[in-house]
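Please treat every number below as a calculation from the coordinates, not as lab data. What you see is a predicted model, and the numbers here were worked out from it, not measured in a lab. We place every Cβ from the backbone using ideal geometry, glycine too, and count neighbours over all the protein chains shown.
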Amino acid sequence: MELENVNLKNAVLASNLSPKLNHLKWVTPFSYSKKPQEELNFLKKVIKYLKEDSREKIVITNYQFFSLLLNEDLNILNRWYFGSHTHPLENHKYFDYYRDFVNKNLEKNNIKVIYFISTGNELSFEKFKVYFSEKCFKNNYVIKKKFSIHEIRNCN
């Protein structure tokens, strides 16, 4: 993560998000670099949803600490998601392989819901749904372009 052009004086206490992050400061580049407390407030809201949902879930996000904060296996598919660099797009020769990997994970882990957590446009269900073979969803866009919940439904 590049912090070269980020004013580190904007950092806030990470313990505002969780006591597990005690003694750390929080600031990230891009959309929240000037307002890190707003980002923490957003993440607190996400954590509340995740905590209250006892179903088996997959979390698709570039934030890789939710499992740590929640003490829960969130069946994360990738370490991060940056276009074709981390998962093959439809025209890539490994697309079918990756799609099979995703769907086997859904079945093997009895996944009932998929969460998308983003800072903006880098992740979206619309771009990612090509990987979910023969699945239907009930979609809930909690915060447009940032946080959505997709319950897997029977297509009949």
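Note on S15 and E151: with the Förster distance fixed at 35 Å, the Cβ-Cβ geometry gives a FRET efficiency of about 0.60.
Out of all Cα-Cα pairs in the chain, roughly what percent, to the nearest whole number, are more than 26 Å apart? Of all Cα-Cα pairs in the chain, 29 percent lie more than 26 Å apart. Taking θ as phi - 60° and the Karplus parameters 6.51, -1.76 and 1.60, the scalar couplings of region 22-32 work out to 4, 6, 10, 10, 10, 7, 10, x, 6, 5, 10 Hz in sequence order, x denoting glycine and proline. Were the residues from K112 through N78 laid out at 0.36 nm apart, the gain over their Cα-Cα distance would be 10.4 nm.
Within region 1-79, the trypsin sites (Lys or Arg not before Pro) that combine a DSSP coil assignment with at most 14 other C-beta atoms in a 10 angstrom radius are K34, R55, R79. Fully extended, how many nm does the chain gain between K127 and N22 (0.36 nm per residue separation, minus their Cα-Cα distance)? Result for the pair: 34.2 nm of gain on full extension. Pull up the cross-link candidates among the aspartates and glutamates for K138, meaning alpha carbon to alpha carbon under 17 Å and not fewer than 8 places away within one chain. Those aspartates and glutamates meeting the cut-off are D53, E56, E126, E151. The chymotrypsin sites (Phe, Trp or Tyr not before Pro) of region 86-156 that meet both conditions, a loop assignment by DSSP and at most 16 other Cβ atoms within 10 Å of the site Cβ, are Y94. For K57, the residues whose modelled amide H falls within less than 5 Å of its own, excluding neighbours fewer than 5 places apart on the same chain, are K112. Pairs exceeding 20 Å between alpha-carbon atoms, taken from K48/K108; K44/K146; K20/K145; K104/K146; K45/K145: K48/K108; K20/K145; K104/K146. Taking 0.36 nm per residue of sequence separation and removing the Cα-Cα distance, the E52/Q37 pair yields an extension gain of 3.1 nm.
What GluC sites (Glu not before Pro) in region 52-150 are in a loop by DSSP, with at most 11 other Cβ atoms within 10 Å of the Cβ? Could you put the intermediate results ahead of the total?
Details: sites: E52, E56, E72, E90, E107, E122, E126, E134; in loops: E56, E72, E90, E122, E134.
Answer in residue order: E90, E134.
A Cβ-based charge dipole, computed about the Cα centre of region 55-156 with Lys and Arg at +1 and Asp and Glu at -1, lands at about 240 debye.
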